[in-house]
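The values are calculated or read from the model by the stated rules, or taken from the named source; none is laboratory data. As the structure is a computational prediction, the values presented were derived from the model and not from experiment. Note: ideal-geometry Cβ built from the backbone for every residue, glycine included; neighbour counts use all protein chains shown.
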Amino acid sequence: MKKLYFLLLAVIAFQFVVIAQPDRWQQKARYTMNVDVDVKTNRFTGVQKLEYTNNSPDALDKVFYHLYWNAFQPGSSMDARSQELGKILVNGRPDWDGRVKDRISKLRENEIGYQKVISLKMNGIAQTFSVQGTILVVKLTRPIAPKSKVVFDMEFEAQVPLQVRRSGRDNPGTGVRYSMSQWYPKLCEYDYEGWHPTPYIAREFYGVWGDFDVTIKIDKEYKLGGTGSLVNANEIGWGYDAANSPELKPVKTDKRPWHFIGQNIHDFVWAADPDYKHIVKQVPNGKTVLHVIYNYRANDTKNDEAWTLVGEAAVAVLPFIESHFGKYPYPQYSFIQGGDGGMEYPMATLLSGPGLGTVFHEWLHSWYQMMLGTNESLYGWMDEGFTEFATNLVEAYYRENVTKKKYANDPVMLRRIDSIAAQLPLEQVANYNGYYALVRSKLEEPLTTHADHFNTNFAYSQAAYSKGAVFMEQLGYVIGSETRDKLLLEYYKQWRFKHPNSNDLVRIAEQLSGIQLDWYKQYWCNSTKTINYAIDSLWEEGEMTKIRLKRVGLMPMPIDLQLNFTDGSSEMHYIPLNLMFGEKPAENALMKREIHEAWDWTQPTYLVSLKRKLTSVRSAEIDPSKRLADVEQKNNKIELNW
């Protein structure tokens with residue numbers, strides 16, 4: 001009887017968990033690819049088998065593939081867009097990406113990139129397709145029925161472009177031979193909003209969750225790093241094998257195969273160079289293996305030390321990352337020198353250099369994009385912004401818990417670290433300043449703008465990175481930092497591997513806080529209205545002190561008003577916004593807090609009354625935490641010199 005009782009409890013608990021999890025179907029892709037690289041012509045041929053499961057309720061009469069490298073041809077949409085943006089001056093400088101400029105227009109025939117599909121079959125039947133720039137359009141001979149699976153067999157060939165943006169060959173800045181991102185025909189995503197055949201203009205990416213089985217055949221002197229685990233590690237050696245062999249194992253053929261697999265991911269990247277060096281780090285008390293792969297420079301010990309530090313720093317910060325943002329679920333991660341700056345991919349990143357700020361940022365994309373997988377084109381701020389927010393927390397943790405401990409007995413170095421820290425983006429200061437610069441520029445566009453359709457690169461960058469990060473820090477001001485931190489873990493728990501959107505995030509925040517937040521998303525993401533509150537006036541009326549606050553800007557917010565008194569005491573006067581239908585908890589248990597009636601958003605002023613003499617007030621300040629993105633803070637504080 002007891003066994004039956006406990007069984008029933010377990011079933012009920014399981015049902016509750018299932019019900020509590022969001023239900024959103026996901027398409028499924030299983031790639032098997034074999035490519036053969038010719039390092040003399042910089043071309044390769046490939047065979048791709050793609051098992052595609054249509055978990056949607058819709059019959060699909062066509063499919064789309066990305067052919068990203070077609071962007072690296074003179075006259076392409078990427079070329080035209082870059083040159084047009086270069087005609088716009090922002091702060092006296094052309095608004096184009098400095099890495100792209102007009103370089104695509106100058107590529108010669110053997111320097112361009114292309115991806116050509118030779119043949120495509122579905123379940124053994126040839127399909128009709130056409131190429132529109134970077135998109136392959138396939139009209140199916142028979143629709144893919146709901147809840148069914150088909151197999152696409154493709155033969156393709158490609159030419160690796162000269163390094164221009166993200167992917168390419170022969171980057172003079174890094175010396176890396178091949179940075180192979182966006183290198184294969186990639187199926188476009190079909191989700192609850194339909195198909196997303198986004199042309200490659202500049203940014204961003206969105207892909208189908210799936211498994212990858214990739215074999216790369218390349219000249220035997222080349223060394224590779226990439227997404228996934230190396231299946232034939234014992235044949236390769238070079239630190240991948242159990243024996244940790246320092247060199248590549250010999251082969252009798254001119255080329256050697258590298259066989260990688262990755263599961264539950266939505267993209268695959270690899271890089272190759274004959275001069276790569278490989279460092280392996282094992283995360284203590286964990287299964288994750290970290291690979292650091294970089295271009296070796298003879299007699300350059302500083303370069304070796306810098307890349308060695310990348311692995312050591314990653315090991316040091318991973319426990320902090322997992323405790324704040326969720327557990328890293330994959331068996332490995334690779335930091336690979338390549339690309340043209342820093343660019344994230346599942347289980348790997350391309351880095352032009354070993355700077356830890358970029359290292360942390362790109363790794364944190366494993367959470368805010370690789371595991372959560374929002375549509376970056378529509379929600380770039382949820383990708384870059386949340387990653388930037390998390391990066392600043394990790395940088396602060398590393399500085400306080402690693403760097404300072406390392407120099408604990410060196411007071412000169414500690415003073416230097418503190419002086420540098422004062423200039424770093426502590427507590428998101430740099431992100432707030434970036435947002436304020438965007439507002440001042442008059443170039444701001446709503447965060448809901450499609451990533452490729454911002455009028456300027458400047459506006460996109462500041463919106464996605466800075467304003468996106470401020471969204472999360474300021475949300476802590478609205479619902480309380482502790483609740484916001486719980487949100488980050490719950491968001492990861494509920495929505496990893498499910499392509500969440502902004503509504504999904506906000507809904508969890510509402511459930512955890514008991515506060516309505518639709519107004520916050522509407523104002524901050526869907527508009528460019530700004531926050532500006534002021535202390536309008538103070539006066540004494542009878543035995544009461546009156547403080548009038550004024551909403552100058554068009555975006556309403558709750559208000560933390562801190563009052564400091566001549567007797568040395570302080571009080572927090574909290575004024576919720578009426579649209580919240582709730583209130584955040586006290587954040588400072590040591591300070592007296594008084595909750596006032598909600599401020600109706602339609603009212604431009606609000607009156608705070610105190611049972612104190614005016615002469616007892618030393619100062620009054622709106623939001624001393626500086627989390628409120630108030631565009632004019634000079635009117636936020638008043639000091640009384642009695």
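Quick look at the numbers
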{"quantity": "Selection from segment 502-524 of residues that are within 13 Å of M382 (Cα to Cα) and surrounded by fewer than 16 Cβ atoms within 10 Å (Cβ to Cβ)", "calculated": "N503"}
{"quantity": "Of residues in segment 292-302 being modelled with pLDDT of 95 or more and touching a helix residue (DSSP H, G or I) at 6+ places or on another chain (Cβ under 8 Å), the one farthest from A271 (Cα to Cα)", "calculated": "V292"}
{"quantity": "Segment 74-126, residues that are in contact with an Asp or Glu (Cβ under 7 Å, 6 or more places away or on another chain), closer than 22 Å to V160 by Cβ and not basic (K, R)", "calculated": "S82, I104, S105, I118, S119"}
{"quantity": "Total residues in segment 182-237, condition in the same structural domain as F129 (by TED's automatic domain parsing) and at positive phi", "calculated": "2"}
{"quantity": "Residue identified as in contact with a helix residue (DSSP H, G or I) (Cβ under 7 Å, 6 or more places away or on another chain), modelled with pLDDT of 95 or more and either surrounded by fewer than 16 Cβ atoms within 10 Å (Cβ to Cβ) or in a strand (DSSP E or B) (or both) among I638, I547, I535", "calculated": "I535"}
{"quantity": "Among (1) outside any helix (DSSP H, G or I); (2) at pLDDT 95 or above, the one test that Q423 misses", "calculated": "(2)"}
{"quantity": "Residues that are in contact with a strand residue (DSSP E or B) (Cβ under 7 Å, 6 or more places away or on another chain) and assigned to a strand (DSSP E or B), drawn from segment 317-354", "calculated": "Q332, Y333, S334, F335, I336, Q337, G342, M343, A348, T349, L350, L351"}
{"quantity": "Single unsatisfied condition, E51 versus (1) among the acidic types (D, E); (2) exposed (fewer than 14 other Cβ atoms within 10 Å of the Cβ); (3) assigned to a strand (DSSP E or B)", "calculated": "(2)"}
{"quantity": "Selection within segment 447-505 - part of a loop (DSSP other than H, G, I, E, B) and either of a type in the set (D, E, K, R) or on the phi > 0 side of the Ramachandran plot (or both)", "calculated": "G480, R496, F497, K498, H499"}
{"quantity": "Residues that are in contact (Cβ under 8 Å) with a residue 60 or more places away in the chain and either of a type in the set (F, W, Y) or surrounded by 16 or more Cβ atoms within 10 Å (Cβ to Cβ) (or both), drawn from segment 590-611", "calculated": "W601, V608, L610"}
{"quantity": "Test: residue in segment 614-628 that is outside the structural domain of V439 (by TED's automatic domain parsing), under 22 Å from Q474 (Cα atoms), hydroxyl-bearing (S, T, Y) and not in a loop (DSSP other than H, G, I, E, B)", "calculated": "no"}
{"quantity": "Given (1) closer than 27 Å to Q633 by Cβ; (2) buried (at least 17 other Cβ atoms within 10 Å of the Cβ), number of the condition S481 does not satisfy", "calculated": "(2)"}
{"quantity": "Flag for W183 being among the aromatic types (F, W, Y), within 20 Å of D38 (Cα to Cα) and under 23 Å from the mean Cα position of the chain (by Cα)", "calculated": "yes"}
{"quantity": "Residues of segment 59-81 satisfying the condition of being without any contact (Cβ under 8 Å) to a residue 60 or more places away in the chain and either in contact with a Ser or Thr (Cβ under 7 Å, 6 or more places away or on another chain) or crowded, with 18+ Cβ neighbours inside 10 Å (or both)", "calculated": "Q73, P74, S76, D79"}
{"quantity": "Y206 vs. criteria buried (at least 17 other Cβ atoms within 10 Å of the Cβ) and over 20 Å from T32 (Cα atoms)", "calculated": "no"}
{"quantity": "Single unsatisfied condition, H499 versus (1) surrounded by fewer than 21 Cβ atoms within 10 Å (Cβ to Cβ); (2) out of contact with any helix residue (DSSP H, G or I) (no Cβ under 7 Å at 6 or more places or on another chain)", "calculated": "(1)"}
{"quantity": "Scope segment 82-106; condition part of a helix (DSSP H, G or I) and buried (at least 21 other Cβ atoms within 10 Å of the Cβ); matching residues", "calculated": "S82, L85, I104"}
{"quantity": "Qualifying residue in segment 243-260 (condition: in contact (Cβ under 8 Å) with a residue 40 or more places away in the chain and on the phi > 0 side of the Ramachandran plot)", "calculated": "no"}
{"quantity": "Residue within segment 269-277 that is touching a Pro at 6+ places or on another chain (Cβ under 7 Å) and either of a type outside the set (G, A, S) or crowded, with 17+ Cβ neighbours inside 10 Å (or both) present", "calculated": "no"}
{"quantity": "Residue in segment 181-193 that is buried (at least 20 other Cβ atoms within 10 Å of the Cβ), touching a residue at least 24 places away in the same chain (Cβ under 8 Å) and in contact with a Lys or Arg (Cβ under 8 Å, 6 or more places away or on another chain) present", "calculated": "yes"}
{"quantity": "Members of segment 554-569 that are buried (at least 17 other Cβ atoms within 10 Å of the Cβ) and either part of a strand (DSSP E or B) or among the small types (G, A, S) (or both)", "calculated": "I559, D560, L561, Q562, L563, N564"}
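The rows are residues; the columns are (1) touching a residue at least 60 places away in the same chain (Cβ under 8 Å); (2) in contact with a helix residue (DSSP H, G or I) (Cβ under 6 Å, 6 or more places away or on another chain).
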{"residue": "L378", "(1), (2)": "yes, no"}
{"residue": "A408", "(1), (2)": "no, no"}
{"residue": "G434", "(1), (2)": "no, yes"}
{"residue": "S441", "(1), (2)": "yes, no"}
